[in-house]
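First comes the structure, then the notes that go with it.
Throughout, read-outs are computed from the coordinates displayed, never taken from laboratory work. This one's a predicted model, so the numbers in the text were calculated from it and none came from an experiment. When we count neighbours, we look across all protein chains shown, and the Cβ atoms used for this are built from the backbone with ideal geometry, even at glycine.
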Amino acid sequence: MEGDAAQLPAPTPQRRRGMITAPVTRGMMTAPVTRGEQAWQAALGASALVGAPLEERFAAITGAAARLFDVPIALVSLVAADHHWVESCVGLERSEFHAGLSFCSHVPDHATFVVSDTRRDRRFSGNTLVTGKTAVVFCAAWPLHGPTGRRLGTLCLLDRRPRSLSAADWDTLRDLARLAESELAGAELETALAGQRESRARAEAVMSAVPNAIVTFGEDGLLQSANPATGRIFGYAPGELLGRPVAGLLAGDGAAQIAALSGGSDRGSSPHGEVVGARRDGSTFPLEIAITTSTCDSQSLHIAIAQDITMRKAVQRELDGLRRQNQLILNSAGRAIIGLDRDGLITFANPAAAELFATDIHGLVGQHLHARMHHSHEDGTPYPFEDCPSWRTLRDGEHHHVTDEVFWRADGTCFHAEYASSPMLDDDSVVGAVLTLADISERRAVERMKDEFVSVVSHELRTPLTSIRGALGLLGGGVMGTLPGQAAKMVDIAVANTDRLIRLINGILDLERMESGHVALQPRWNSVSDLLQHAVDAVRGVAEGAAVRIEMRPVDATLHVDGDRIVHALTNLLSNAVKFSPRGGVVELSAVVHDDTVLLTVTDEGRGIPDNMLEVVFERFRQVDASDSREKAGTGLGLAIARRIVEEHGGRIWAEATNGTGACFRVALPLSTPPDSAPGDRRPGTS
Amino acid sequence: MSKRILLIDDEDDIREIVRMSLEHLGGYDVAVAADGAEGLEAARRRPPDAVLLDVMMPGMDGPTTFAKLRASEATRGIPVVMLTAKVQANERQRLLDLGVHGVIDKPFDPLTLPQQVTQLLTGAAP
């Protein structure tokens, strides 16, 4: 064995970095498994102990161990993050590292380890260092621990001959192990310091990056640190702030303000407030500041974090202004304004709305408008939300205008309202609705009074008019004897104007009846040619008197209309055309079927209607020329009545521009059959 | 022999005009009454060939007077034409539904009134 040992090359300290790593399998007979480079990198990263200087120090220890114990192989292995590796070794080829490591894996955490003859130990029967040319026979090892007692590695001696260690040898091995442990402890301290440096650098990076001013100051109120943002915000150069009083950063009595804010922080809260900051140049600005206090080495350390809120204040002012303005508009609006969310719950209401519903605004907000205030019709029948225009606005974003519906108050009373429902849109999606309501109870009362007034007055006018018209008629008709020429002419004038006055009263009554809805339509099937013929017959006398010819071009079609009313409308159009026709002129009344409508047209050869008057002529008492009502003996109501009648039938009536070639009025009436035709009301030509 | 018409109307002027129109232009013989009660009495005393009856009269109005005429055996068969200045909806139809022979609106043309009355009275019975 000696000879064998002598044949080995002299042990040379080798600085070798362990390249083999394996899971810790303490007590196992098989050698640790080689994991490869990736696992090694993981273990290396997990251990802060590994570094070039440490490797050199361990190389000195393994070299000394080999010489002191006269062994060919000495190694230090380390363990961290459940992996261990050879940190320093003399006497082994790199390819043998993993086999050397396997000896370490058998070393207990808190006891020495010795195998006098590995050949007789079954734990090493498969170890290539034992069975191979290296022929390791002896192994002695001392576990390495950190300052806290944590196992950090193993110092291991291997020899090719069986041997034992004396108590003095064990002491020496222990001393070498202590040396290795102190090297490890030093390495740990370095690592801790490096970590602290890194953490400090990180904190400084954060301090530099934040936009807020961050300063620290002591009990004396002098600044101990300030981040770069502090200099930027307050207008100081870097480093210029240190040692200055923190109170100088505030306008007015800064010290008192700082004291007030710092005082609260002693109670564990982090008080903050708005103060006025003072820049180096004396200018001031709004500042939000929070101060916390902590204790450092039994000294109080105040940390102040401050933010320039000039921009925020400006935005806030603008928002406040807008909010006030909106509030003023809402409060001043005479109409009730109510906002709904997507579900129909009231989100806001103005004072007019509260007044309308006889409650306060808080009594409205949060309520479901339809369920609480719009749930029933006036007769008490339910009004489903799905039928309510506001629901359609919320669902489809439609605008709706309702002229008269009943709303309910909490006390069970109701009122008639006109309202509009409009969607609130955000990025084209409906987020709610706004309803504007007006109580129309007064308007309805006034309309009722007007209706009665018109009715009574008209009746009271008719009675004396009957006498006047009758007396004049008898006089003019020669019943009292033939009148002298001039007298007969005067009586004729009186008769004509009485008739005009009667027509006027009749017109007013007709319109009043239609607008108040007092007269329901009586639709029947009527042939278009009959309707046209009746209208022409009605004005034939007037037309002949004015030497105007009426031409009629009917069409073969039937309409489901109130015949008397349609004839009334056509008569008004025809008599209007006759009135404005020159003597010898032609008035044409024609009909054509166009798609699903019958289009009726009345044209004349009069002076026509200026473009800007095409719509105005349908208004009551509005004529192209103010003198027309006198010259043409018109009432100023004929076209208004005609429009009303046509619209009652779901049709349209309008005047068209003709470039001065006479007037052209058109009436479009729907051909479609209404679903609720009266019983026995059969379409002509059907059985 | 001229047909005899009883006119019942509370307005003096209108009674006079109607009387002149019907007598001078229509050749009728006209008796007049100033209210419903007087008219009923006149009709019972001497039943006319027809009655012209105003709708709105103080006391007994036209429809009530008409009902009483129909209720009495002596006057039941006398044709009645109503004169109305009322403007309520469907007034004409309401009156026709009572069973009157016809309705003439006020104001009317006195020159064509006799012709209107004659047409209504000689037309189809209700």
Report the extension gain between A:VAL206 and A:MET490 in nm, rounded to one decimal, defined as 0.36 nm multiplied by the number of residues separating them, less their alpha carbon distance. 91.4 nm
What number, in percent, do you get for the relative contact order of the stretch B:2-71 if the mean sequence gap of Cα pairs under 8 Å and at least 6 apart is divided by its residue count? 38 percent
Cα gyration tensor shape of the stretch A:417-486, rounded if a/c is under 1.5, else prolate or oblate by comparing a/b with b/c: prolate
In nm, give the distance between the simple-model label positions of A:VAL586 and A:ALA420, each being 7 Å from the Cα along the Cα-to-Cβ direction. 4.8 nm
Averaged across the residues of A:472-481, what count of C-beta atoms belonging to other chains lies within 10 Å of each residue's C-beta? 5
Gain on full stretching of the segment that runs from A:ARG553 to A:VAL276 - 0.36 nm per residue minus C-alpha separation: 90.8 nm
Residue-span extension gain [A:ASN497 to A:ARG448] - 0.36 nm each, minus C-alpha spacing: 14.6 nm
Need one value for B:24-32: mean number of C-beta atoms belonging to other chains within 10 Å of its residues' C-beta atoms. 1
Can you figure out the FRET efficiency of A:ASN612 with A:ASP411, using R₀ = 56 Å and their beta-carbon distance, to the nearest 0.05? 0.60
Debye log10 I(q)/I(0) for the protein assembly as shown, one point scatterer per Cα, at q = 0.06 Å⁻¹: -0.70
Sequence-distant residues sharing a close amide H with A:ARG163 (under 5 Å, placed H): none
Interchain or long-range residues, amide H under 5 Å from A:LEU144's placed H: A:LEU152, A:GLY153, A:THR154, A:LEU155
Under the 7 Å Cα-to-Cβ spin-label approximation, A:ASN331 and A:LEU242 lie apart by a distance in nanometres of 5.6 nm
Amide H partners (placed H, <5 Å) of B:ARG4, local residues excluded: B:ASP29, B:ASP49, B:ALA50
Can you compute 3J(HN,Hα) from phi for each residue in the stretch A:488-499, using the Karplus curve 6.51 cos²θ - 1.76 cosθ + 1.60 with θ = phi - 60°, rounded to whole Hz and x for Gly and Pro? 4, 5, 4, 5, 4, 4, 5, 5, 4, 6, 5, 4
Does the stretch A:306-411 classify as rounded, prolate or oblate by the C-alpha gyration tensor (a ≥ b ≥ c root eigenvalues; a/c under 1.5 gives rounded; else a/b over b/c gives prolate, otherwise oblate)? prolate
Just counting partner chain Cβ atoms within 10 Å, what average do the residues of peptide B:100-111 show around their Cβ? 5
Provide the per-residue ³J(HN,Hα) series for the stretch A:199-214, in order, calculated from phi with Karplus coefficients 6.51, -1.76, 1.60 and θ = phi - 60°, each as a whole number of Hz, with x at glycine and proline positions. 5, 5, 5, 5, 4, 5, 4, 5, 4, 6, 7, 5, x, 7, 7, 10
Below 8 Å between Cα atoms, with a sequence gap of 6+, how large is the relative contact order for chain A in percent? 6 percent
If you take every residue apart from A:GLU588 with its C-beta less than 14 Å away from the C-beta of A:GLU588, what net charge results, scoring Lys and Arg +1 and Asp and Glu -1? -1
Can you tell me the relative contact order of the stretch A:372-446? Whole percent, Cα pairs under 8 Å, sequence separation 6 or more. 26 percent
Listed peptides A:172-182, A:589-599 by packing density, highest first (mean Cβ within 10 Å): A:172-182, A:589-599
Go through the stretch A:316-399 and name the GluC sites (Glu not before Pro) that are in a DSSP coil and have 16 or fewer other Cβ atoms within 10 Å of their Cβ. A:GLU378, A:GLU398
Given Cβ point charges of +1 (Lys, Arg) and -1 (Asp, Glu) and nothing else, what value in debye, to the nearest 20, does the dipole of the protein assembly as shown about its Cα centre take? 1960 debye
Run through the stretch A:245-343 and list the trypsin sites (Lys or Arg not before Pro) located in a DSSP loop whose Cβ has at most 16 other Cβ atoms within 10 Å. A:ARG267, A:ARG279, A:ARG280, A:ARG342
Beta bridges by DSSP in chain A, antiparallel share as percent, to the nearest 5: 95 percent
Report the calculated FRET efficiency for B:ASN90 and A:VAL365 (r = Cβ-Cβ distance, R0 = 35 Å), to the nearest 0.05. 0.10
Starting from the Cα of A:VAL593, step 7 Å along the direction of its Cβ; do the same at A:PHE385; then give the gap between the two resulting points in nm. 4.7 nm
Please list, in order along the stretch A:525-533, the HN-Hα scalar couplings obtained from phi with the Karplus expression 6.51 cos²θ - 1.76 cosθ + 1.60 (θ = phi - 60°), rounded to whole Hz, x for Gly and Pro. 6, 10, 6, 4, 5, 5, 4, 5, 5
Tell me whether the stretch B:17-107 comes out rounded, prolate or oblate; compute the Cα gyration tensor, take square roots of the eigenvalues as a ≥ b ≥ c, and use a/c under 1.5 as the rounded threshold. oblate
